[in-house]
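First up is the structure itself, then whatever we jot down about it.
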Amino acid sequence: MSRVLEGIRVLDFGRYIAGPYCATLLGDMGADVIRIEKVDGSEDRFLSPVTENGDGAMFMQLARNKRGLTLNPMKPAGREIVKKLVATADVVVANLPPDTLAAMGLDYESLSAIKPDIILTMISAFGRGGPYSNRVGFDGLGQAMSGNMYMSGTPEQPVKAYAPFIDFGTASLSAFGTMAALFERQKTGKGQIVEGALFNTALTMMNATAIEQHAIQVNRVATLNRSQTSAPADTFKTRDGWVLVQSVGGPLFKRWADLMGEDHWLDDPRFKDDISRGDHGEIISERLAKWCAERSSAEVLAAMEEARLPAGPVLSPQEVLEDPHIEAKGLFQPIDYPGLDKPAPIMQTPVELSETPGEIRHRAPTLGEHTNSIMQELGYQQAEIDELRAQRII
């Protein structure tokens, strides 16, 4: 099978999620990705540890399809190795502060002096050019400073989403930008900088709310899970769990009224369109909450499906592992990893291509697993490798 990025080499100096997952997506599409981490292992390797060695769940997901190299680029000999690596590479991915990039020889000026057509994919919290440029930050800052947290939870308690969706969104957009830069390089032969930022991603996701506020000064506040621009759209407690119902548009609202057996909702001017239904969503949610409370989740979901109303159960992580749709589609690929007593369920490439799909070819590397072989590819002899290891360069 042809792989979209076969023949492309990516150096992954990323940390945590935004940088590493960008490189993961490129690796899924066939790129040769070398993950460079600290000699004793980078911090993100050990988040949510699941083995005796401390290897983490997130690392197993984000380091798939990568070869592992340990390296200290802050020492002169380490920077020489960086230069040799860059000379073989097409893309460098790094979510590190600009000063650190320069100290490691990973700024664009240094990289392009070695490889003129190199692509540098930089990811930061706020991007360059504004007063926040030098601030450090994680996913939560994007959620907090974009209006997302303010509009989640309640006015008394803003809520951050558990899933780091700003990180994953930034990684995905950065991978998109990197592939666009590779496509442009095919035409012009020139490399460039691709820059992703958590704040940019968060503002993109909250842009409609900002536009609405600017246009009509609506001054919205949080209403937990209830939508403010359509209804019914909320979470509802059943006899044995929780479900989410999400409805947008007049036809779906009619289906809901028919399901309730109450046509009067359709003639009430308070519910004449989506925004009106959102403005009075508490009334609609109250009615549907009573209906759901009298039924099991299975009964609610069966009725919703028969009426063709979008609805789904609120699943625990264990229930996710047991979900029949996930099993039928093979969305989780079981991958063995040293130290695990059973294969880890690794989520496949989330976008599916009919002819050249992404694939998980091999598990995440153990610490420094491919250091010897990569160093030999760069022309180092075994005695040199042993000496560099003794000096803790690699």
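The values are calculated or read from the model by the stated rules, or taken from the named source; none is laboratory data. The structure displayed is predicted, hence computed values, not measured ones. When we count neighbours, we look across all protein chains shown, and the Cβ atoms used for this are built from the backbone with ideal geometry, even at glycine.
Which one is farthest from ALA31 (Cα to Cα), of the residues in the range 91-106 that are in contact with an Asp or Glu (Cβ under 8 Å, 6 or more places away or on another chain) and buried (at least 19 other Cβ atoms within 10 Å of the Cβ)?
If we take residues in the range 91-106 being in contact with an Asp or Glu (Cβ under 8 Å, 6 or more places away or on another chain) and buried (at least 19 other Cβ atoms within 10 Å of the Cβ), then LEU101 is farthest from ALA31 (Cα to Cα).
May I ask you to say which residue of LYS237, LYS190 is out of contact with any strand residue (DSSP E or B) (no Cβ under 6 Å at 6 or more places or on another chain) and in contact (Cβ under 8 Å) with a residue 60 or more places away in the chain?
LYS190
Could you tell me whether TRP265 is surrounded by 14 or more Cβ atoms within 10 Å (Cβ to Cβ), without any contact (Cβ under 8 Å) to a residue 40 or more places away in the chain and not assigned by TED's automatic domain parsing to the domain that holds ILE118?
yes
Count, please, the residues in the range 25-81 that happen to be acidic (Asp, Glu) and more than 26 Å from ALA390 (Cβ to Cβ).
4
Could you check, for the range 256-270, whether at least one of its residues is among the basic types (Lys, Arg), within 36 Å of the chain's Cα centre (by Cα) and modelled with pLDDT of 95 or more?
No, the range 256-270 contains no residue that is among the basic types (Lys, Arg), within 36 Å of the chain's Cα centre (by Cα) and modelled with pLDDT of 95 or more.
Before we move on, is ARG308 surrounded by fewer than 14 Cβ atoms within 10 Å (Cβ to Cβ) and at pLDDT 95 or above?
Yes; evaluated as a whole, the condition is true for this residue.
Check PRO350 against each of (1) surrounded by 12 or more Cβ atoms within 10 Å (Cβ to Cβ); (2) closer than 23 Å to TYR162 by Cβ; (3) assigned by TED's automatic domain parsing to the domain that holds GLY54 and name the one condition it does not meet.
Answer for PRO350: the failing condition is (1).
So which residues in the range 49-68 are touching a Gly at 6+ places or on another chain (Cβ under 8 Å) and within 20 Å of THR170 (Cβ to Cβ)?
ARG64, ASN65, LYS66, listed by residue number.
What residue, of LEU47, LEU106, LEU71, is aliphatic (A, V, I, L, M) and in contact with a Pro (Cβ under 8 Å, 6 or more places away or on another chain)?
Criteria check complete, one pass: LEU106.
As an exercise: evaluate THR235 against (1) outside any helix (DSSP H, G or I); (2) crowded, with 17+ Cβ neighbours inside 10 Å; (3) out of contact with any helix residue (DSSP H, G or I) (no Cβ under 8 Å at 6 or more places or on another chain); (4) not hydrophobic (A, V, I, L, M, F, W, C) and give the number of the one condition it does not meet.
So THR235 meets the others, but not (2).
Would a scan of the range 78-86 turn up a residue that is in contact (Cβ under 8 Å) with a residue 60 or more places away in the chain and outside any helix (DSSP H, G or I)?
No, because not a single residue in the range 78-86 is in contact (Cβ under 8 Å) with a residue 60 or more places away in the chain and outside any helix (DSSP H, G or I).
With respect to LEU309, is the statement that it is in contact with a strand residue (DSSP E or B) (Cβ under 7 Å, 6 or more places away or on another chain), assigned to a loop (DSSP other than H, G, I, E, B), within 30 Å of ALA257 (Cβ to Cβ) and not assigned by TED's automatic domain parsing to the domain that holds ALA57 true?
For LEU309, the condition - in contact with a strand residue (DSSP E or B) (Cβ under 7 Å, 6 or more places away or on another chain), assigned to a loop (DSSP other than H, G, I, E, B), within 30 Å of ALA257 (Cβ to Cβ) and not assigned by TED's automatic domain parsing to the domain that holds ALA57 - is met.
Any idea which of (1) exposed (fewer than 12 other Cβ atoms within 10 Å of the Cβ); (2) of a type in the set (S, T, N, Q); (3) within 26 Å of VAL91 (Cα to Cα) is the one ASN200 doesn't satisfy?
The number of the failed condition is (1).
Looking only at the range 59-77, count how many residues are surrounded by fewer than 21 Cβ atoms within 10 Å (Cβ to Cβ), assigned to a helix (DSSP H, G or I) and of a type in the set (A, V, I, L, M).
1
Only one residue in LEU340, LEU321, LEU367, LEU331 is modelled with pLDDT of 95 or more and more than 30 Å from LEU173 (Cβ to Cβ), so which one is that?
It is LEU340.
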